[in-house]
Amino acid sequence: MNVRTPLVAGLAASALIALAPIASAQTGAAPAAAPIAQGPPIAGYCVFSLNEIIGGSKVGQAVVARLKVLTSQVTAELQPQADSIRADEAALRARASSADQASLQAQQANLQLRANNFGKLEQQRQQEMQATQQKQFGVILKQLDPIMRDIYQQRHCSLLIDGDSGGVRMVNPAMDLSPGAVSALDLRIQTLTFDREHLDAQAAPAR
């Protein structure tokens, strides 16, 4: 019988995968390195870190915390169903040799249906969490865009480098716009209230 083993444990990692750089920055797991002797700032060159801005701003921290709560709620919803399917599958296999074949096939078909429905529900919840994360980060980015434009002009930047994905591994902190952006973003917005996004397609719950 082809019954898919549910992998509820992977839901949190999947839903919050984009938060990993932020989480690692907040935990401060890596030991502090010795100070680096920096050269002088290069006129016109500026750099920012979106992970630092989101991880350091109050609204970013609030969104990350809320996403973790919603992920825990989804896990609490799915875990009992996953455990039930696993337990029923084990019980069915244990009595497979002695059960009536017609009855066994009916039970196998029912269990397969439950597993399939659970897989659809699990996938839907993952998509909902991803949609929730994208929507809330989109709100932050909409607020952040004019802030970055203003700081860019105030600092007379000629080039703005994305420190997260632009290939920059080290930069003089005097050239970093992130602290100023955090302060300005905190003045504009400090938290967001939201729930998980619900997609139109509703999967049948597994029993």
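Read-outs: derived from the displayed coordinates by stated rules, not from any lab. Since the structure is predicted, the reported quantities are computational estimates derived from the model, not experimental observations.
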### Task
Hey, could you get me the Stokes-Einstein D for the stretch 65-207, Kirkwood radius over alpha-carbon pairs, 37 °C and 0.692 mPa s, rounded to whole µm² s⁻¹?
166 µm²/s
### Task
For the stretch 43-83, state what percent of all Cα-Cα pairs lands in each successive 10 Å bin, counting from 0 Å until the bin that includes the largest distance.
25, 28, 23, 16, 5, 3
### Query
Alpha carbon centre of the stretch 57-79 versus the stretch 98-130: separation in Å?
27 Å
### Query
What aspartates and glutamates could a cross-link reach from K68, if we take a straight Cα to Cα line under 13 Å and drop same-chain neighbours fewer than 8 places away?
D195
### Task
Please compute the Cα-Cα pair-distance distribution of the stretch 31-126 with 5 Å bins starting at 0, giving whole percents from short to long.
2, 10, 11, 11, 10, 9, 8, 7, 6, 6, 6, 5, 4, 2, 2, 1, 0
## Note on the structure
Computed curve, the stretch 87-170, Cα-only Debye sum without solvent term, log₁₀ I(q)/I(0) at 0.18, 0.23, 0.26 Å⁻¹, is -0.92, -1.09, -1.18
